[in-house]
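Since the structure comes first, as structure tokens, the remarks are kept for the end.
The values are calculated or read from the model by the stated rules, or taken from the named source; none is laboratory data. Here the structure is a predicted model, which means the values were calculated and not measured. Glycine also receives a Cβ, built like all others from the backbone with ideal geometry; neighbour counts cover every protein chain displayed.
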């Protein structure tokens, strides 16, 4: 997946605050997001694996990214990120939901931290029959994600093709 394309699809802008929830080993989206939001913005790089966060923190220091903060959290536990309620303009869950059977709890934490008027972007594996990617029984259905998010007060803004193997959903948090 091309981060530049993804961030144009979800509308990430300079000066915004983003939470990269489940950032992964290479910070594939963390570092490009930090470039987009610039010094006036902030990127929270969140993961459950401390070794990954240490690597991202080191790379951020070496590459001069002062706008990245790493956070250890179990996304299945509400408020585990420590990010304030309504604290970010955009939360992302990219290739995260298929890894858990507690998608509702993960989505609740993501929704909690998004500002009213802010967005939640979700990218996950399509349910197509391919040997590439996780087993089909692990893949989440976009319809189930939509149902949970709509019931949590979000509106579906956009569906997009994130890659040949991934779907994308962009939700907006309604004003309180």
Check: Looking at the stretch 113-135, is at least one residue within 13 Å of the chain's Cα centre (by Cα), crowded, with 16+ Cβ neighbours inside 10 Å and assigned to a helix (DSSP H, G or I)?
Finding: yes
Notebook entry, point to check: Which residue, of 97, 150, 170, 93, is surrounded by fewer than 14 Cβ atoms within 10 Å (Cβ to Cβ) and under 25 Å from residue 16 (Cα atoms)?
Noted result: 150
Item checked: Close pairs from the stretch 89-110: first touching a residue at least 40 places away in the same chain (Cβ under 8 Å) and on the phi > 0 side of the Ramachandran plot, partner surrounded by 20 or more Cβ atoms within 10 Å (Cβ to Cβ) and in a strand (DSSP E or B), Cβ under 9 Å, at least 6 apart -> 95/123; 95/124; 95/125
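Going through 73, 60, 34, 54 one at a time, which residue ends up being more than 16 Å from the chain's Cα centre (by Cα), surrounded by 13 or more Cβ atoms within 10 Å (Cβ to Cβ) and free of Cβ contacts under 8 Å to residues at least 60 places away in the same chain? Before the answer, list the steps.
Values: 73 fails: more than 16 Å from the chain's Cα centre (by Cα); 34 fails: more than 16 Å from the chain's Cα centre (by Cα); 54 fails: surrounded by 13 or more Cβ atoms within 10 Å (Cβ to Cβ).
Result of the check over 73, 60, 34, 54: 60.
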Margin query: Restricting to the stretch 47-93, count the residues that are part of a strand (DSSP E or B) and in contact with a helix residue (DSSP H, G or I) (Cβ under 8 Å, 6 or more places away or on another chain).
Written below: 10
Next item on the list: Working only within the stretch 142-160, note down all residues that are touching a helix residue (DSSP H, G or I) at 6+ places or on another chain (Cβ under 9 Å) and free of Cβ contacts under 8 Å to residues at least 24 places away in the same chain.
Entry: 155, 156, 159
Next item on the list: Report yes if residue 101 is assigned to a loop (DSSP other than H, G, I, E, B), under 30 Å from residue 141 (Cα atoms) and at pLDDT below 95, otherwise no.
Entry: yes
Next item on the list: Could you tell me which numbered condition residue 26 fails, if it satisfies all but one of (1) surrounded by 15 or more Cβ atoms within 10 Å (Cβ to Cβ); (2) modelled with pLDDT under 95?
Entry: (1)
